[in-house]
Amino acid sequence: MGVEIMENKKTFLYKAVHGYILYIVLAVIAGIILALSIIGPIEPGKKSANIERRDVYKIDSDINKKVENELGNIKNLNQEKDFNKIEKILVGLENKYPNDIRAFVILADFHVKKMEYDKAYKELEYVTRIRPNNTWALKIFGNLYFSKQEYSKAESYYLSAIECEGQDEDKAWTYHDMAQLYLVMKDVKKAFKCQKKALEYLPENTVIKEMYEEISKILKRD
């Protein structure tokens, strides 16, 4: 009788301990699922500290459509060369959607082309603060320093842009711009390698194909 009681106690303790462990495991899994539902998936190449910096347009499709409509208007205004209206629209988008980086980067590029470097730097500084690994923004930073003839800084930003996770189009134009930088620096071999990479990303792009052919001719002459 005593042995039977002891065996029952052992069985009870085993089940209790087993149930408690199972409860802890399930609680941990539930906690992980809850955390992921709040912060969203970690993007490849991103540090976990930057998880909360997702752009509004990635979350809210309605905002995305509104921004895209406004950016579509800019294309028409660009053909008309109405730069004052373009800048006004972009500043308005910045004020409405401060977490959507597109207006900031486009405006920065706009300022670089007008050689308004301080204004461009201010826009890019904001973008890289909230999205430090954005290929597009880092590429424009490279263009800024290229335009200022600070070639080593331009090269550094282009290389950083390439190392980040980004869209194929952004990578292609980064390699394309870096190829132009190396041509100015009289390093035709590096220019050819960069333009070849640009062509791999956008093989059907006429501008990229034509420049690849031009660099190939220069390389053969040398």
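Can you find a residue in the stretch 144-163 that is surrounded by 19 or more Cβ atoms within 10 Å (Cβ to Cβ) and in contact with a Cys (Cβ under 8 Å, 6 or more places away or on another chain)? The answer is no; no qualifying residue exists.
Here Lys171 qualifies as farther than 22 Å from Glu87 by Cα, surrounded by 15 or more Cβ atoms within 10 Å (Cβ to Cβ) and within 13 Å of the chain's Cα centre (by Cα). Checking the stated criteria, Asn99 turns out to be on the phi < 0 side of the Ramachandran plot, part of a loop (DSSP other than H, G, I, E, B) and out of contact with any strand residue (DSSP E or B) (no Cβ under 6 Å at 6 or more places or on another chain).
Table: residues versus (1) closer than 24 Å to Ile101 by Cβ; (2) of a type in the set (Gly, Ala, Ser).
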position: Thr128; (1), (2): yes, no
position: Gly142; (1), (2): yes, yes
position: Phe146; (1), (2): yes, no
position: Glu150; (1), (2): yes, no
position: Ala154; (1), (2): yes, yes
position: Asp168; (1), (2): yes, no
position: Lys193; (1), (2): no, no
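Checked against the criteria, Tyr212 counts as over 23 Å from Ala137 (Cβ atoms) and part of a helix (DSSP H, G or I). Just the residues that are free of Cβ contacts under 8 Å to residues at least 24 places away in the same chain, farther than 15 Å from Ala161 by Cα and not in a loop (DSSP other than H, G, I, E, B), please, taken from the stretch 183-198. Hits for the stretch 183-198 are Lys190, Lys193, Gln195, Lys196.
We did not get these values from a lab; they are worked out from the coordinates using the rules stated. Source: prediction; values computed, not measured. Methodologically, a virtual Cβ is constructed for each residue, glycine included, from the backbone with ideal geometry; neighbour enumeration extends over all protein chains shown.
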